[in-house]
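Report on the structure given below.
The values are calculated or read from the model by the stated rules, or taken from the named source; none is laboratory data. Keep in mind that what you see is a predicted model, and the values were worked out from it rather than measured. Glycine gets a Cβ as well: all are built from the backbone with ideal geometry, and neighbour counts include every protein chain shown. The accessibility values were calculated without ligands, DNA or RNA, using every heavy atom of the protein model including side chains. Shrake-Rupley method; radii C 1.70, N 1.55, O 1.52, S 1.80 Å.
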Amino acid sequence: MNNNIGKVIRIAGPVVRAVGLENIRLYDVVRVGELGLIGEVIRLSEGLTTIQVYEDTSGIRVGEPVQSTGLPLVVRLGPGLLGQVYDGLQRPLEILAETGGEFIQRGVQASPLPEDKRWQFTSHVSVGDVVGAGDILGVVPESQTIEHRIMVPPHQRGRVVSIRSGEFTVNETVAVIRSGDEAGVNNREISLVQRWPVRQPRPCQTRLAPREPLLTGTRIIDAFFPVAKGGSAIIPGGFGTGKTVTEHSLARWADADVVVYVGCGERGNEMTEVLEEFPKLEDPRTGAPLMERTVLIANTSNMPVAAREASIYTGITIAEYYRDMGYDVLMLADSTSRWGEALREISGRLEEMPGEEGYPAYLAARLAEFYERSGRIICLGNHGASDTQGRMGSVSVVGAVSPPGGDFSEPVTQNSMRVASTFWALDYDLSRRRHFPAINWTSSYSLYDFSDWFESEVATDWDELSSEAMALLQREVELLEIVQLVGPDALAERERAVLAIARMLREDFLQQSAYRDVDRYCSIHKAYWMLKAVMDFYHRTQAALDAKISLERVTALSVVADIARMKEFQMETAEKEIKAIMDRVQFSFADLGVA
Amino acid sequence: MLKTMPLPRLLTTEYRTLSQIRGPLLFVERTADVAYNEIVEVIGPDGEVRLGQVMEVDRQRCMVRIFIGTSGLDLDTTRVRFTGDVARLGVSLSMLGRVLNGSGQPIDGGPPIIPERSLDINGLPINPSMRTHPSEFIQTGVSAIDGLNTLTRGQKLPIFSGAGLPANELAAQIASQARVVGGDNTEKAEGKGSEPFAVVFAAMGITQRETSFFMDQFRASDAMDRTVLFINRADDPSIERLLTPRAALTAAEYLAFTHHRHVLVILTDMTNYCEALREIAAASEEVPGRRGYPGYMYSDLASLYERSGRIRGNPGSVTQLVILTMPDDDITHPIPDLTGYITEGQIVLSRDLHRKGIYPPIDVLPSLSRLMNEGIGQGKTRTDHRSVADQLYALYAEGRDLRRLVAIIGEAALSAEDRRVLDFAKRFEETFVGQGMVNREIVETLDHAWELLSPMPAELLKRIPQEFIEQYHRRKV
């Protein structure tokens, strides 16, 4: 007889040691103490089990029981995930509030998915069909825009022996699949829900190279540092530089089907902001409330530290699940530094040998494992004769990083940079001048090249425009250094023209207010026309200088003020209005005598 | 006052098995049935009872930290009694008007406080889905805050100060002037009108001079009878500072969420709190993080700062104003750095402005209020507020750049436009920020801003939409 109840022998913060647990595996979930606090086995040695506890351990005594559940930390995946707010262990916070009040009590449990809600299930296969992992058995309309595809769970296959359409709760059986050989038959009942251990990536058929950008509605990102659908990006920045505002903007406007937002060790009020605002905001692509495509995971900074570590994995597993249905999913993690710190704290309590700045030596490996769970894939499943391409899905990961003192040389930033392909460096100096988004254009980069996509989808001169604009901004940095040393008078007129246009680019194109309704989301087409107008003005300025017309006369043109108001144009009419401005620019220069 | 609940056990065991006393830590051997974070009473040879807390338990041994000093304890006769409960504070509405020490015992010579409830001082995290987003504008009467870094109800906003800068004066000024300006512009004076208001003041390691400054301020503004003071002075035991903010926030939460008060909590000085945290971490031989502060300082500070906010359906609120001294004026030091990552913005004081005689010496460029947008605009302050603030920021930042340039190339080399910006920066510092002890209404603050912008041509005011320029901009050269 196996004994799955042990005894606490040592408590130090979130780390508890127990003896007497038999047949226990690493990463099994245990319940600690009379309160039944949730914990996870993180180390095993002869008879001694070390557990990280996901809740506050105050009041736990030596000698209290520890009970093994025999299962690793799993999430429940099924219809009803969208629109939910979970803690790091997938406990639904709204249900906890109904049962436990305004404050989070310890040792509470609640089902992550609404148990009594009935979903309309329509089957897509018939009795007798042979199905394998990832095949779609049927669909449930989960929200206005997301059709929840009920898939055969990974590692399962067989012949459908029964399937029915109709209204079901998440736990009812909708299909039975029979597999078997000479040794015997195995009937497996399939409900709308599957479970998956969070620390294990969900399998796919093939991993593909990223091919198109994930448009974000933020001009500097889309135009200069795009992230791929299925790619990864990090946003490091000191406090107040706008990490959270940028992440919120992405959650709102990014061109993804499903967004998983993990608030990992951050402010409670920020989660509330999302909760209050998202149900009211519309997805610019579909018109449905944003909340209907969003799953929130809120593990605020005052919630237990170990659950912070789990929240990232809970989030990415949910993201992978929707990816497996064939959706483009965006996972946002704010902030991965708090996750790193949770690792450091647990590691310290385990008395492990510290690596750089006290972080455990495996920090780099953990970060790499996490970012590599992003990607564009061909999903599991046989997609029928007509669909030889396969169902494709992607998970894009954007992680905020909070480097101490805003110093990017620290381990979490450095190790994340090694694995993430896009780097949006937030800058104190820009944020102090209220240049938002404060993404520094000299130190940020994107390793993706989407020039083909932009040329075919946006405009043939896109690449030319954006490269020229970026070169201008880089040139400005060099010139400003000279100005700092010798003053603006030392510059030639042509160089002063570069300064004037670069300033126009910064103020009238790069700056984007996340708080002004008309400007917070900018379609790629509006961004293109805005950029085109500025660069057109630049080219005409050069022509004017060639014609010996002074820069002062050019910058005094009244049309300069019109360019500054391009942001205020509505998305639908922007192209027309900007073209009108460009016409006025042409006339103004003609008046100066430039052809 | 910090007290312990009736003992849940039939027998309390007393131990005389001390094996080590090291700084604030005691090690007790051969213990059984001890709980993590349990409160212990330690009775020294002199018979004095000191409180401590279990920091680590093992099968045979436990580590206890003593809050009020270990001097005078010995290994042979000191007795340790385990209470079986975590640290609790007896809370009551009658705490208002009282002065308590850092662990919650009255030191004003008044009667003991009869508790209505006895609460765990560590509190519980507010369920994020039960919070409501802070959105009520608190008028502090200080232009640099109201106009540019607006405070809202339920926010936590620190003041990053330096040694010798007037952070305490500013905090006291805000405590006495703060009020909510209502949606339809009917003013509800906090404390004086219908909305019940309270101040919880927690002092950690502040000097006698600072203590009497605050007491005088509270008495002078008739605010004393709606204030609770928790005072841990510089010469009080430093480990007690770990209790002080927790006790104060427990009282604040009780007043806010049980008695529906709007509570302003002033915590000063968090730097002293963090030093105490480092002291205890060093004594227990933990792996140190940056500058010797423990790796969990972020979580520890968050467990304090996050105890502010508003709860859905509850009329009360907890707003925190946290004062900390940046060692060597260094904003990247771990204390301000970690604080800034948790709080919803920061007000930064500048030595430079202070030297110029500007009060309050708020450097608006590194200052920030993250909840500003929720608290301003139509029905709260004025529709032009956001864009005026952005414009002031942009011009002032430009003016500061120009100042650096002038130092190199001289003012003569500047264009007329640049000179206007330079002049704006000067007037902005002297009259907008440097308002002195005056209490300015928000409308006065915004009008003053337009006054400062009046010499600027409209084309330069790129941050302001056309409609507001037409409405408010009166060009004066």
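At a glance:
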item: Distance in nm between pseudo-label sites at B:Asp46 and A:Lys579 (7 Å out along the Cβ direction from Cα); result: 8.9 nm
item: Sum of side-chain charges, A:Gln84 neighbourhood, beta-carbon under 14 Å (Lys, Arg +1; Asp, Glu -1); result: -2
item: Most positive-pole-ward Cα, B:Gly434, A:Gln570, A:Ala368, against dipole of the protein assembly as shown from beta carbon charges; result: A:Ala368
item: Where chain A is the region considered: accessible area per residue in Å², 1.4 Å probe; result: 37 Å²
item: Rounded D (µm²/s) - chain A, Kirkwood Rh over Cα pairs, Stokes-Einstein at 25 °C, 0.890 mPa s; result: 93 µm²/s
item: Percent carbon-and-sulfur accessible area, the stretch B:2-86, ignoring ligands, DNA and RNA, probe 1.4 Å; result: 50 percent
item: Total accessible surface hidden between A and B, rounded to 100 Å², 1.4 Å probe; result: 6500 Å²
item: Accessible area of chain B divided out per residue, in Å², using a probe of 1.4 angstrom; result: 35 Å²
item: Rounded to the nearest 20 debye, dipole of the stretch B:2-86 from Cβ charges on Lys, Arg, Asp, Glu; result: 100 debye
item: Threshold 20 Å² - residues in the stretch A:245-280 whose accessible area is reduced by that much or more when the chain is no longer isolated, probe 1.4 Å; result: A:Arg267, A:Gly268, A:Asn269, A:Thr272, A:Glu273, A:Leu275, A:Glu276
item: Dipole magnitude of the stretch B:44-143 about its Cα centre (Cβ charges: Lys, Arg +1; Asp, Glu -1), debye to nearest 20; result: 200 debye
item: Cα-based convex hull, the stretch B:354-397, per residue volume (Å³, whole number); result: 91 Å³
item: Descending semi-axes in whole angstrom, ellipsoid equivalent of the stretch A:462-591, from the Cα gyration tensor; result: 25, 18, 12
item: Kirkwood Rh in Å, taken over the stretch A:402-486 so that all alpha-carbon pairs contribute; result: 15.3 Å
item: Calculated FRET value between B:Ser71 and B:Val443, using beta carbons and R₀ = 51 Å, to 0.05; result: 0.35
item: Alpha-carbon Debye profile of the stretch B:82-153, log10 I(q)/I(0) at 0.15, 0.18 Å⁻¹; result: -0.83, -0.91
item: Nitroxide proxy distance, nm - points 7 Å out along Cα→Cβ at A:Ala595 and A:Val130; result: 7.4 nm
item: Value of relative contact order over chain B, rounded to a whole percent, pairs C-alpha under 8 Å and six or more apart; result: 16 percent
item: Average beta-carbon neighbours from other chains, 10 Å sphere, peptide B:364-377; result: 3
item: Rounded FRET efficiency, nearest 0.05, which uses the C-beta distance separating B:Ala413 from B:Asp108 and R0 of 60 Å; result: 0.40
item: GluC sites (Glu not before Pro) within the stretch A:425-533: DSSP coil, no more than 10 neighbouring Cβ in 10 Å; result: none
item: Listing of the stretch B:391-414 residues, each with accessible area lower by at least 50 Å² in the full protein assembly than in the chain alone (probe 1.4 Å); result: B:Leu405
item: Directionally averaged projected area (convex hull, Cα atoms, the stretch A:5-72), nm²; result: 3.6 nm²
item: Pairs of Cα atoms farther than 16 Å apart, the stretch B:272-369, %; result: 64 percent
item: With every protein chain in place, the stretch A:245-370: carbon and sulfur % of accessible area (1.4 Å); result: 51 percent
item: In order through the stretch A:323-340: 3J(HN,Hα) via Karplus (6.51 cos²θ - 1.76 cosθ + 1.60), integer Hz, x for Gly, Pro; result: 4, 5, 7, x, 9, 8, 10, 10, 10, 10, 10, 10, 9, 5, 5, 5, 5, x
item: At 1.306 mPa s and 10 °C, Stokes D of the stretch B:210-290 from Kirkwood alpha-carbon radius, µm² per second; result: 109 µm²/s
item: Whole-number percent relative contact order across chain A, with pairs defined as alpha carbons under 8 Å at least 6 apart; result: 12 percent
item: Debye log10 I(q)/I(0) for the stretch B:385-472, one point scatterer per Cα, at q = 0.10, 0.16 Å⁻¹; result: -0.27, -0.65
item: Dimensions (Å) - the protein assembly as shown, Cα atoms, principal axes, largest first; result: 100, 88, 52
item: Cα-Cα over 21 Å, subset of A:Lys548/A:Lys579; B:Lys356/B:Lys426; A:Lys532/A:Lys576; result: A:Lys548/A:Lys579
item: Approximate spin-label separation A:Arg516-B:Arg427, in nm, with each point projected 7 Å along Cα-to-Cβ; result: 2.4 nm
item: Relative contact order for the stretch A:404-507, counting Cα pairs under 8 Å that sit 6 or more residues apart, in percent; result: 16 percent
item: Volume per residue of the C-alpha convex hull in chain B, rounded to whole Å³; result: 157 Å³
item: Solvent-free Debye scattering, log10 I(q)/I(0), computed from the Cα coordinates of the stretch A:119-192 at q = 0.12, 0.22, 0.25, 0.27 Å⁻¹; result: -0.31, -0.93, -1.15, -1.30
item: Size of charge dipole - chain A - debye, nearest 20, with Cβ of Lys, Arg +1 and Asp, Glu -1, no other charges; result: 940 debye
item: Label-zone membership for the stretch A:54-98, site B:Thr17, 7 angstrom Cα→C-beta point, backbone N under 12 Å; result: none
item: Shielded residues, the stretch A:35-78 - accessible-area loss of 50 Å² or more between chain alone and all protein chains, probe 1.4 Å; result: A:Ser58, A:Arg61, A:Val62
item: Sulfur and carbon atoms: percent of accessible area, the stretch B:385-472 [1.4 Å]; result: 52 percent
item: Residues of type lysines that A:Lys243 reaches as a straight line, Cα spacing below 25 Å, ignoring anything fewer than 8 places off in the same chain; result: A:Lys229, A:Lys280, A:Lys526, A:Lys567, B:Lys156, B:Lys462
item: DSSP bridge orientation in the stretch B:89-375 - percent antiparallel, rounded to nearest 5; result: 35 percent
